[in-house]
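**Student:** Following this message is one structure expressed as structure tokens.
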Amino acid sequence: MEIRKDVRRAVKLVRDVVASRKAQHKLRGPLKSRELRDDNHFKIAVYFADGPVNMYQMRQWYQPLATLAKTWPVLVISRTGGGTLKLMDEAPIPVAYARTVPQLEQIVAEQDIRIVFYVNQNPRNFQMMRYGRCWHVFINHGESDKMYMITNQFKAYDYSFVAGDAALARLDRVLWDYDFNKRAIKIGRPQADYFSGELPYQPDERQVVLYAPTWEGDRAAAAYGSVATHGVALVSALLATGTHRVIYRPHPRSGVVDHSYGAANKAIIAAIAAANARDPRAHHVYDSGPDLGWQLAAADIAIVDISAMVYDRLATGKPLIITRPVSPTAVIDTSGYLSDCEWLPADHAADIVAAVDRLTHDEATVDRLQGWVHRYFGDTTPGVATERLHAAVQHLMNEWKRFAAGHDADSAIVPDSVENPGKA
């Protein structure tokens, strides 16, 4: 078993190196023909140090950032070749590639960056955070009660944009000596203002069920994924009814750590294809597209793991079921919505049709859900979260001007380059 794991790791390493070299070669052309403006044009930077596998963290911010850019020009600073190619192909805002620290320094020197957004906790964030005279703001890539959301790393940033009261309560339990009134700014879920899109099927009498599991996690405490424990059984049961339409949207990292998750993912995809072949009118959907929103809005019932998908769905105010992790070491925060949710244990996965039917006709559960919606996101009236995001940015821009005026006499200090910056 260990030999197989070592072989898979070696193969993955070789593939990563080959992919990186291919990306570097492809980027030579785009970068030469797409020079950045050097007139201090961009005011906001979004720093992304990951590759294509974590592109989902950026995608959910595309539309809010594109709207924001109409007021304050926004630039994505990408640090990997593969990630840059993806961003250049699909992002609605400009992208700059900074493979090395000197290239990063050049971008900072040529632009008037006043706010830097971070969507994750990549260790290379600190290569950007060395620059002063701008606000470093953690905006995250979702709202959830996962252990990822209660890290002391929040303190590394000048500010954090959080969804609502539930996020503040969650952080208050773990962060010592943290000025929540100043540094944590509630903005709701602006992504929910863009939960729309063209459906890949014609709506009919079938009940639409979204199954959107997370990946297996990289540690026992974060083993929230259900693909290998619940997925095959529950999808098979729904496909067999003839009255349901399944939208299957797996996490893009499914199977990266645990081979069994990858195998279960493939089995579900194959089962959906087979069901559509038997009944072309079913239009079950295997969704691996970059856009997230239409699935959440279209589904009558959603089945999700403990992940940001719980709270993306919660923001719609529509019914959902959450898979209970099998791992006894998986950390479950039951101080919030997870204390009052509809759980699906693995040994009940095959009985999902009965669970869906019960929830469909349980008005009391749906009504109770609305209280949690307000606690997590505040006012979810369309457009309100976008207004709060813009107000938060305006506040930080005003604060930037206030501090900049107080430091007019200071000479700009450019940090020394790290050792061997060309290899960073």
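Readers should treat all values here as calculations from the given coordinates under stated rules, not as data from a laboratory. Fair warning: this is a prediction, and the values are worked out from it, not measured in the lab. Positions of Cβ are backbone-derived with ideal geometry, glycine not excepted, and every protein chain shown enters the neighbour counts.
**Student:** Sort the following peptides by mean Cβ neighbour count (other Cβ atoms within 10 Å, averaged over residues), highest first: 106-119, 277-290.
**Tutor:** Output ranking for 106-119, 277-290: 106-119, 277-290.
**Student:** While we're here: How far, in degrees from 0 to 90, does helix 259-278 lean away from the longest principal axis of the Cα atoms of the chain, to the nearest 10?
**Tutor:** For 259-278 against the chain, the angle is about 60 degrees.
**Student:** Could you state the angle between the C-alpha long axis of helix 2-32 and the longest principal axis of the C-alpha atoms of the chain, as a value from 0 to 90 degrees rounded to the nearest 10?
**Tutor:** Relative to the chain, helix 2-32 is tipped by roughly 50 degrees.
**Student:** Sorted by mean Cβ packing within 10 Å, highest first, what order do the peptides 225-236, 371-382, 303-314, 392-403 take?
**Tutor:** Highest-to-lowest ranking by the protection proxy: 303-314, 225-236, 371-382, 392-403.
**Student:** Could you check how many percent of all C-alpha pairs in the range 311-405 are farther apart than 23 Å?
**Tutor:** 46 percent
**Student:** From zero up to wherever the largest Cα-Cα distance of the chain sits, split into 10 Å bins and tell me the percent of pairs in each.
**Tutor:** Pair shares across the bins are 4, 20, 30, 26, 15, 5, 1, 0.
**Student:** At each listed q (0.14, 0.21, 0.33 Å⁻¹), what is the log10 of I(q)/I(0) that the Debye formula gives for the range 212-257 modelled as equal alpha-carbon point scatterers?
**Tutor:** Values returned for q = 0.14, 0.21, 0.33 Å⁻¹ are -0.38, -0.71, -1.21.
**Student:** Here's another thing I want to ask about it. Using only Cα atoms, find the angle between the long axis of helix 384-406 and the longest principal axis of the chain, and express it within 0 to 90 degrees, rounded to the nearest 10.
**Tutor:** Helix 384-406 sits at roughly 20 degrees to that axis.
**Student:** Taking 1 over the mean of 1/r across every pair of different Cα atoms in the range 142-300, what Kirkwood radius in Å do you get?
**Tutor:** That comes to 18.0 Å for the range 142-300.
**Student:** What is the packing order of peptides 359-368, 126-135, taking the mean over residues of other C-beta atoms within 10 Å and listing the highest first?
**Tutor:** Descending mean neighbour count gives 126-135, 359-368.
**Student:** Follow-up. If we restrict to alpha carbons, what Rg and Dmax does the range 207-377 come to, in Å?
**Tutor:** 15.1, 45
**Student:** Quick one: Cα centre-to-centre distance for the range 96-126 and the range 222-275, in angstrom?
**Tutor:** Centre-to-centre distance over Cα atoms comes out at 38 Å.
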